[in-house]
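The structure appears right after this line, and notes come after that.
Just so it is clear, none of the values below were taken in a lab; they were calculated from the coordinates. Keep in mind that what you see is a predicted model, and the values were worked out from it rather than measured. Every residue, glycine among them, receives a Cβ derived from its backbone with ideal geometry; neighbour counts consider all protein chains shown.
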Amino acid sequence: MLVFTDESGVVVLIEDDLARALGYDDPDDALGDPLAAALGMAAGDAETLLKEISTTGSARHRLAQVRSHRTGRSWWVMLSGSAPAAAGRFIGADITVAPPALPLSSDDLDHRHNLEQMAEMVRTRLRNGGEPVLSEEKESELRSYFAARMLAIYILIVRMGGRSLGEVLEEKVQRLNRERGWSMDMRRGRLTFGEASLRPEACREITQVAVAYAVSVTSKRLVAKELAELDVNFGGTTVQRATQYGLRKDL
Amino acid sequence: MLTLGQDRRSLRFAVVAVVVWSAFSLAYILGPLGDVSHTWFANIGTLLGVWSVVVLALLLWRSCAPDEIARRIWLALFLGFLLWAVGDTLWAFYDLLPGGEIPYPSPADLAWVAGYPPLAAALWLRYRSMEVRPGRGQWRALSLIVLVGLVVFGYVLWPTLTYTGYDRLIEQALDVLYPIGGFVLFAGSVLVAAAVRGGRLSSPWQIIALGIAILSLADLVFAYATWNDLYIIEGTPNVITILADAPYMGAYAAIAVGEYVLGRLEDTF
């Protein structure tokens, strides 16, 4: 399971199951907490882990004790991590939390693999969401693609510009939805859809607004790189269809 | 600082900048090569700093895509700093000319005054592009700006505006323009620094904003010192002259460090 932090070790994304296991009723409540507080681990251990990732670009698997702050129950896990960019341009850490019994994977040290997990997380959320069941798997995949792209943009903005800029992005998306009468919503970077059928023009417009804002506060190069790495995790057909619907354009 | 600690090249650049600034400041204060050397060290240190800032701004501007807002921001910063570099170079020329008097106003003043609008525009563009809502940090920043504004008005602007002994209007206009320009840049840089809090970009932008703020404050000290005839142009500098000149050099060093860190972050360097 995955936790993303910003450069100072504050959680910007956490998998729902992990957050619940750690005692958060709403997984989004973990966002904004320091890594040590979110995982219920010793501050020194969390600091050592983050320092290793920020200076070397990755941190190999290590045993650590995490604790649910609601029940107080603690258990052992294997922690490892990687940085989305080479050391020197550290913008945050991708931390993998795994049961000690699981075989260790070198993929946990790869940002691209972590983006893949993030995309899968978005798919799971949408499948489990309250919206009506989608009629076609293709449409579901396209929706996942759009949501994953928006989440990736949100995380990049928060990591680069701080949470207040992430809130600005959410407001932009919410305002656009209100003005156009769409029933999408964005909270902590995660999109929720209130209608069954995907409206490509809505996704297209929201994507454009989000990408434009991300570029204006960071740079075209950084945004393009992050989105290109995310694209690798989707099938060629999905990416092609996304291009066709205008969900992705070359920056 | 976290950012510098994470990147050895940025750390090396910052260490070199601090060492060079400290060395020039000490040499300027102590004047190891005689009475004339104070001025030489101050001018060379300033020119080294300002031209480094100009070159780095140029590289950052050129690294941005044509339709990026960052390109407009860096173009404005480049133009502003270039004009200030020209101003500092002309000032150094007059200052180091043996037996020469520095005219007031001089062509250096023209370049300095022309540098304020693009620098202010750059800070405004940077601030506006982030579209942040007024929060606690913003209100704190505004309070600081108002406080500095009151000090500037009371101690620098008001005496200048009410003084009736000016021979030429242009001198009075410049004495009013400099503190106003300095204050505007100070306000802009504080707002930018308050807006980018918590993200990876915050460190370089805060260093740049801090540099511009120090530069503006050094300008204000210079304006106050010259108004009260306390500024020493030649020979051993007094405390207020040091407080105007040493931070001036240091501010350029800080801006250069901020530019370099930002360039590293965005793969420019």
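Scanning the range B:1-59 for residues that are touching a Lys or Arg at 6+ places or on another chain (Cβ under 9 Å) and crowded, with 20+ Cβ neighbours inside 10 Å yields B:T3, B:Q6, B:D7, B:S10, B:F13. Consider the range A:161-186 and keep the residues that are in a helix (DSSP H, G or I) and more than 14 Å from every other protein chain (Cβ to nearest Cβ). The one that is nearest to A:A147 (Cα to Cα) is A:N177. Which condition does B:L77 not pass, out of (1) farther than 24 Å from B:P237 by Cα; (2) surrounded by fewer than 19 Cβ atoms within 10 Å (Cβ to Cβ); (3) in contact with a helix residue (DSSP H, G or I) (Cβ under 9 Å, 6 or more places away or on another chain), if it passes all the others? Status for B:L77: all satisfied but (2). At least 3 residues being within 14 Å of chain A (Cβ to nearest Cβ) is the threshold, and among the helices (runs of 4 or more DSSP H) wholly inside the range B:144-227 those reaching it are B:169-195, B:202-227. If you filter the range B:165-201 down to residues that are free of Cβ contacts under 8 Å to residues at least 12 places away in the same chain and surrounded by fewer than 22 Cβ atoms within 10 Å (Cβ to Cβ), you find that the one that is nearest to B:I145 (Cα to Cα) is B:G198. Residues of the range B:149-179 that are among the aliphatic types (A, V, I, L, M) and in contact with a Leu (Cβ under 8 Å, 6 or more places away or on another chain): B:V152, B:V156, B:V176. Go through the range A:191-220 and count every residue that is under 23 Å from A:G32 (Cβ atoms) and either within 14 Å of chain B (Cβ to nearest Cβ) or surrounded by fewer than 21 Cβ atoms within 10 Å (Cβ to Cβ) (or both). Result for the range A:191-220: 6. Checked against (1) buried (at least 16 other Cβ atoms within 10 Å of the Cβ); (2) within 14 Å of another protein chain (Cβ to nearest Cβ), A:L247 passes all but condition (2). If we keep just the residues of the range B:80-117 that are of a type in the set (G, A, S) and not in a loop (DSSP other than H, G, I, E, B), which is surrounded by the most Cβ atoms within 10 Å (Cβ to Cβ)? Here the answer is B:G80.
Every residue, every condition in (1) over 19 Å from the mean Cα position of the chain (by Cα); (2) over 30 Å from B:W205 (Cβ atoms), yes or no:
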| residue | (1), (2) |
| --- | --- |
| A:R180 | yes, yes |
| A:F193 | no, yes |
| A:T207 | no, no |
| A:A214 | no, no |
| A:V217 | no, no |
| A:A228 | no, no |
| A:Q240 | yes, yes |
